[in-house]
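**Student:** Mind looking over this structure? Questions follow.
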Amino acid sequence: MKSKRTGIILGYTTRIEIENGVWEDNIVEKKAKAQQQSIFQSRKEKAYLDDKPLTARFEIRGMIVKDNLNYVLWRGDKYKVRGIYPSLDSHFSVIEIGELI
């Protein structure tokens, strides 16, 4: 049986102080192992009608993904983040990605 585990790269936006009182946005990439989840057709259709198409859904264990997630690099392509669903009690996050950037 083929596993749906895959490696993805999470692109976060962080702010760095380059001078006293001067801040600049910086992108930090972090590798993560994820379990790809299936998306039901009704969920895909609803997202498409809301003009937010879904490409894939991933569960990441052992880390809580924050709101400053900018993009996900998967299979060599950058995708927009459509949704982040953290679960504090079980230490995992679910990320839904949309179209290519």
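Throughout, read-outs are computed from the coordinates displayed, never taken from laboratory work. Just so it is clear, the model here is predicted, and its values are computed rather than measured. Counting neighbours? That spans all protein chains shown, and the Cβs are built from the backbone with ideal geometry, glycine included.
**Student:** For segment 31-85, what does the equivalent ellipsoid look like in terms of its semi-axes, each the square root of 5 times an eigenvalue of the Cα gyration tensor, given largest first in whole Å? Numbers along the way, then the final one.
**Tutor:** Working: eigenvalues 80, 33, 27 Å².
Its equivalent ellipsoid spans semi-axes of 20, 13, 12 Å.
**Student:** Would you please give the residues with an amide H less than 5 Å from that of Thr55, counting only those at least 5 places away or on a separate chain, with H modeled from the backbone geometry?
**Tutor:** When sequence neighbours closer than 5 places are left aside, the close amide H contacts are Ile97, Gly98.
**Student:** Per residue of segment 49-58, what does 6.51 cos²θ - 1.76 cosθ + 1.60 with θ = phi - 60° give for ³J(HN,Hα)? Whole Hz please, x for Gly and Pro, Karplus curve as stated.
**Tutor:** Running phi through 6.51 cos²θ - 1.76 cosθ + 1.60 with θ = phi - 60° gives 5, 7, 6, 9, x, 10, 9, 7, 9, 10 Hz.
**Student:** Could you tell me the extents of the chain's C-alpha atoms along the three principal axes, largest first, rounded to whole Å?
**Tutor:** The Cα atoms of the chain stretch 52, 31, 29 Å along their principal axes.
**Student:** Compute the distance in nm between two label points, each set 7 Å from the Cα along the Cα-to-Cβ direction, one at Ile64 and one at Arg43.
**Tutor:** About 2.2 nm separates the two model spin labels.
**Student:** Using Cα pairs under 8 angstrom and six or more residues apart, how large is the relative contact order of the chain, in percent?
**Tutor:** Computed value for the chain: 26 percent relative contact order.
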